[in-house]
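The block underneath contains the structure these notes are about, expressed in structure tokens.
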Amino acid sequence: MAARRLSSLVSRSLASSLLQSPGRTCGRWSNLSRFSTAAAVQELITPQVQISYTQHLINGKFVDAASGKTFPAYDPRSGEVIAYVAEGDAEDINRAVSAARKAFDEGPWPKMTAYERSRILLRFADLVEKHSNELAALETWNNGKPFEQALMSELPMFVRLFHYYAGWADKIHGLTVPGDGNYHIQVLHEPIGVAGQIIPWNFPLLMFAWKVGPALACGNTIVLKTAEQTPLTALYVAQLLHEAGLPPGVLNVVSGYGPTAGAPLVAHMDVDKLAFTGSTETGKVVLELAARSNLKPVTLELGGKSPFIVFDDADVDKAVELAHFALFFNQGQCCCAGSRTFVHERIYDEFLEKAKARAMRRIVGDPFKKGVEQGPQIDVEQFEKVLRYIRSGKESNATLECGGARIGSKGFFIEPTVFSNVKDDMLIAQDEIFGPVQSILKFKDIDEVIKRANETRYGLAAGVFTKNGDTANRMMRALKVGTVWINCFDVFDAAIPFGGYKMSGIGREKGIYSLNNYLQVKAVVSPLKNPAWI
Amino acid sequence: MGSLSNGHSIDIKFTKLFINGQFVDSVSGKTFETIDPRTGDVIASVAEATKEDVDAAVQAARHAFDSGPWPRMSGSERGRILMKWADLIDQHTEEIATLDTMDAGKLFQFCKMEVPSVANMLRYYAGAADKIHGEVLKTAGKFHAYTLLEPIGVVGHIIPWNFPSSLFFTKVSPSLAAGCTMVVKPAEQTPLSALFYAHLAKLAGIPDGVLNVVPGFGKIAGSAVSSHMDIDKVSFTGSTQTGREVMQAAAKSNLKQVSLELGGKSPLIVFDDADVDTAAQLALIGILFNKGEVCVAGSRVFVQEGIYDEFEKKLVEKAKAWVVGDPFEPNVQQGPQVDKRQFEKILSYIEHGKREGATLLTGGKAIGNKGYYIEPTIFANVKEDMLIAKDEIFGPVMALSKFKTMEEAIERANNTTYGLAAGIVTKNIDIANTVSRSVRAGMIWVNCYFIFEHDIPFGGYKASGFGKDYGMEALHKYLQVKSVVTPIYNSPWH
């Protein structure tokens, strides 16, 4: 299982439009019957895009796999194959690393001025903006996420991320440092070298931007392994990046599976840095392989079981809508999904009733269809896993309020599912389900909810809903998580650092913090003779 | 229509004040003439701002700041607009370069590089607009505290004539990135490119009232800016004398914040181990670039005694080969001084130098009988109490002298009221490090000179002013720091 990551302007565009009418009735959507997926699946909308790139991109050229092998990429709406893609293994990784090594050691990329690098990234952002429609269509086709979400929030966010990192390229500052004695001390921030990056399938383009943006801004070269479920959009944008002027070998993209392509990249002796986003289980393997090979530093963005905590002074309607969004967004396939909804006992009943009603109004169907909120899960494996967890919820005596079943007979559609009376020791309250399954839990007071919210091996994110400033301030410090959203959720911006406590990962992506992942710090010391001051 | 040598001709499109997104006549209806320094001929009549016009511009800027979209849009949105402005500038390089050359007598070849470089500066600050970080703080008590970096408000910018394009953007770019609104007073000698930039700003989508440009004279329009009760910050680049007046006006009016980038008498120190030819070339460029009309000009050149004679010989040879003439000609290295007043001032300093007993090695006279051309001029045996060693001449006049030891060079380099920049030429790392820390100046160039970059902060010590331009530092001139503090209960850590 690979995994996750969230978008973006979502809370500003999609979410805010949703929030404006939490009490929206079915009437508005009368042309779309509830769970109308079966019909939608039978008449799938044909995406307006060609699949042009299916080979590896190594040293600026599209090439077949060394073995000649390919693997299928699917349309999760139907489970049908949409393309055969070059399947990378150790030999392809070797070739890609060697291209990246040469581009770093001898090529123009780290040697050109930061401003020139920044111009190339800006030109790339402009090209992506021009190709937004095709890219969004390809993303939806291969991933199943709503087309409107891809086009209206993820593509603009992608462009925004590259503008942001282009702006950093010429502002990466080392320090001069005071010496305890007559020394002149400087700290150089140097590119770290060849970066290996492994990205998941839930936000293929945004994860590309989170990884590739800072690494390039800092002057590194890259070997990127995409998720086997979603290899297509990365190849498309990588081609645009070369069109924008990226020298060959700076970004190499290899498609393939974790054990056969990911592992050789992680274990490679000539890769200087590894960044991985995916499951906690795989993250552990990544860290171990890095330790056993050349001790490359590792950043990990892993799983979560993020609490969404609603206090009794919160506006219930808003909290319901946001809790719904926090869990169901992107088919529930978000590492930071608010998958434990803690509700204060005084408003629990009202909240539950409204949360259930909202889930039942959720529009599931062909993600290319306008107004559809939820598409299919990514693949059969995830689909079956989510259904297994739903069974587990029922068996552990949580109350199934709605949903719980597959929709239709084709593709990987699952009903929006809500469990109430969820207890902390149930599997559905402990494991990352990564699907449209909301677990609602009741709490009495702030001390209790802090304790319970933190009683998890994860620590990625949390939502807090309250009007009380003291409650908000206390919660933001007490929660052992990398992001706390207060009266909002899934607000992602290029400048906001993101990453986990505990088993949710190591390091931070985005913001100024992301640059540290791709820089070596070199101290330079020399004696000072008769300095005017030290 | 101005008619220029070499087939250059240009239609002067913008000669009015730019207030609240419109080109308007001045309230008084007055205009002033801007002159081509190659000939002394009039290029165009430009609307002259007086106090009433500055009031209108401030009112527009105030409204744009208090109620307009500019400070309320995100840094990244402001950045996108600045990026677009940069692209528009790149599309008009020739036209703007022509304006600056006509207006200031600058080399056309140089202006054609300067205009794209201001577009690059805009892009730098476009990329900075979403990277203005406050901090979350440590408190001794049980408090949660953080800082907000807020745009300071309405900024008054007063800019000089020697780099009309660069200095316009040195001021305007970081303040726009920070979210401020502004009133810009360009120099009366060089108002044309600023008005053109204002026109492009509007096309790029900078909202009306955010950027206002009011050409006029220092005593009238400039002083209206620096004494205005509704301007929150004044940023001035110009002479030290005028800088004092700006600061006094700020003190007497509303105590607006002030930053000043003023004059200099910057030393270039050449040590015995230097490559003499390279050092002589650096020294020559250091004083002759832009006709010596540069605040950081290396106007005092100190050369160590071991190589002095050879250095002097090479320097004079190079100075004699320097080509002065029409700045539109591609082989010309030096155009005319900006106006009659500067021209006469420089010639009078040259007379002072001769009277005070310095040795005139080369130059010393005006060239031709039309326009404001002056020969590259080098004085040797210059003593520290001579006027030509103390005052900023702002022309192609070098004060050359000999030194024995590093300690002596440091002492003499610091023996000035100014502290803007310094150059060091040496291969010795210890000398470079020690002198870098010992010279009281805001910019030290080691084995180079005139290196200005967007990310390198620049500004003076002592009477050369205060506050830094360029780099992320410059943003802080246009930001207020606000601390927010609140009690925190039951925090798991402090």
- Query: Is the shape of segment A:434-493 best called rounded, prolate or oblate, per the rule: a/c under 1.5 gives rounded, else a/b larger than b/c gives prolate, else oblate, with a ≥ b ≥ c the square roots of the Cα gyration tensor eigenvalues?
  - Reply: rounded
- Note on the structure: The aspartates and glutamates whose Cα lies under 15 Å from the Cα of B:K370, excluding any fewer than 8 residues away in the same chain, are B:D36, B:D41, B:D326, B:D339, B:E344
- Query: Which value, in nm² and rounded to one decimal, describes the direction-averaged projected area of the C-alpha convex hull of segment A:143-258?
  - Reply: 9.2 nm²
- Sorted by Cβ density within 10 Å, fewest first, the residues B:I410, B:I431, A:I512, B:I269: A:I512, B:I431, B:I410, B:I269
- Which whole-number value in Å³ per residue fits the convex hull of the alpha carbons of segment B:63-124? 94 Å³
- Non-local amide H neighbours of B:I424 (under 5 Å, H modeled in plane, Pro and chain starts lacking H): which ones? B:I269, B:W445, B:V446, B:N447, B:C448
- Label point 7 Å beyond Cα of B:T39 along Cβ direction - residues of segment B:338-372 with amide nitrogen under 12 Å: B:371
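What relative contact order, as a whole-number percentage, does segment B:292-441 give when Cα pairs under 8 Å and 6 or more residues apart are counted?
On the way: 219 pairs, mean separation 39.5, N = 150.
Computed over segment B:292-441, the figure is 26 percent.
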- Full extension from B:K112 to B:M229: what is 0.36 nm times the residue separation minus their Cα-Cα distance, to one decimal in nm? 38.2 nm
- Note on the structure: Nearest-0.05 FRET efficiency for A:K444 and A:E116 at R0 = 45 Å, using Cβ-Cβ distance, is 0.15
- Task: Can you tell me what the convex hull of the Cα atoms of segment A:334-373 projects to on average, as an area in nm²?
- Result: 3.9 nm²
- If you average the sequence gap of Cα pairs under 8 Å that are 6 or more apart and divide by the length of chain A, what percent do you get for the contact order? 21 percent
- Would you mind computing, in nm to one decimal, how far apart the modelled labels at B:E351 and A:K467 are, each placed 7 Å from Cα along Cα→Cβ? 8.1 nm
- Query: Please identify the GluC sites (Glu not before Pro) of segment B:90-176 that satisfy two criteria: DSSP loop assignment and at most 16 other Cβ atoms within 10 Å. Which are they?
  - Reply: B:E135
- A:N94-A:L295 pseudo-label distance in nm [points 7 Å out on the Cα-to-Cβ vector]: 2.6 nm
- Message: What number results when the radius of gyration of segment A:172-325, computed over Cα atoms, is divided by 2.2 N^0.38 Å?
- Response: 1.33
- Taking the Cα centre of chain A as origin and charging only Cβ (+1 Lys, Arg; -1 Asp, Glu), how large is the dipole, in debye to the nearest 20? 500 debye
- Fully extended, how many nm does the chain gain between B:V24 and B:H494 (0.36 nm per residue separation, minus their Cα-Cα distance)? 163.5 nm
- Spatially near lysine pairs across segment B:154-268, Cα under 16 Å, sequence gap of 8 or more or different chains: 7
- Does chain B come out rounded, prolate or oblate by the C-alpha gyration tensor, with a ≥ b ≥ c the root eigenvalues, rounded set by a/c under 1.5 and, if not, prolate when a/b is larger than b/c and oblate if not? oblate
- Item | GluC sites (Glu not before Pro) restricted to DSSP loop in segment A:80-171 with at most 14 other C-beta within 10 Å | A:E106
- Message: In chain B, once you exclude exposed chymotrypsin sites (Phe, Trp or Tyr not before Pro) (DSSP loop, at most 11 other Cβ within 10 angstrom), what's the longest stretch remaining?
- Response: B:1-488
- Where GluC sites (Glu not before Pro) fall in DSSP loop in segment A:303-366, at most 13 other Cβ within 10 Å: A:E345
- Using 0.36 nm per residue, how much length does the chain from A:E281 to A:A405 gain when fully extended, once their Cα-Cα distance is taken away? 41.9 nm
- Item | Other-chain or far-sequence residues with amide H under 5 Å of B:G153's (modelled H) | B:T181
- Item | Student exercise, segment B:167-272 dipole from Lys, Arg, Asp, Glu Cβ charges, in Debye to nearest 20 | 160 debye
- Message: Once you keep just the Cα pairs under 8 angstrom separated by 6 or more residues, what percentage relative contact order results for segment A:340-419?
- Response: 27 percent
- Query: Under 13 Å from the Cα of A:K451, which aspartates and glutamates turn up, not counting those fewer than eight places away in the same chain?
  - Reply: A:D424
- Message: Given R₀ = 25 Å, what would the calculated FRET efficiency be for B:S483 paired with B:D455, taking r from the Cβ atoms and rounding to 0.05?
- Response: 0.35
- Message: Largest first, please: the extent of the C-alpha atoms of the protein assembly as shown along each principal axis, to the nearest Å.
- Response: 105, 63, 62
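Considering only DSSP beta bridges with both partners in chain A, what is the antiparallel share in %, to the nearest 5? Present the calculation step by step, with values, prior to reporting the outcome.
Numbers: 29 of 66 bridges.
Counting only bridges with both partners in chain A, antiparallel ones make up about 45 percent.
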- Message: Roughly how far apart, in whole Å, are the Cα centres of segment B:273-306 and segment B:106-166?
- Response: 30 Å
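In segment A:121-229, what % of DSSP beta bridges are antiparallel (nearest 5)?
40 percent
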- Task: Sticking with the crude label model, points 7 Å out along Cα→Cβ, report the distance from A:W533 to A:D313 in nm, one decimal please.
- Result: 4.8 nm
- Query: For segment B:229-277, what class follows from the C-alpha gyration tensor (a ≥ b ≥ c being the square roots of its eigenvalues): rounded when a/c is under 1.5, otherwise prolate if a/b is larger than b/c, else oblate?
  - Reply: prolate
- Task: Starting from the eigenvalues of the Cα gyration tensor, five times each then square-rooted, give me the equivalent ellipsoid semi-axes of chain A, largest first, whole Å.
- Result: 39, 29, 20
- Using a Förster distance of 56 Å, the FRET efficiency for B:K340-B:E77 (Cβ separation, nearest 0.05): 0.75
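Taking every DSSP beta bridge with both residues inside the protein assembly as shown, roughly what % is antiparallel (nearest 5)?
On the way: 62 of 136 bridges.
If I count the DSSP bridges inside the protein assembly as shown, around 45 percent turn out antiparallel.
All of the numbers you see were taken from the coordinates with simple rules; none came from a lab. The model shown is predicted, which means the values in this text are computed figures rather than measured ones. Note that each Cβ is placed from the backbone with ideal geometry, even for glycine, and that neighbours are counted across all protein chains shown.
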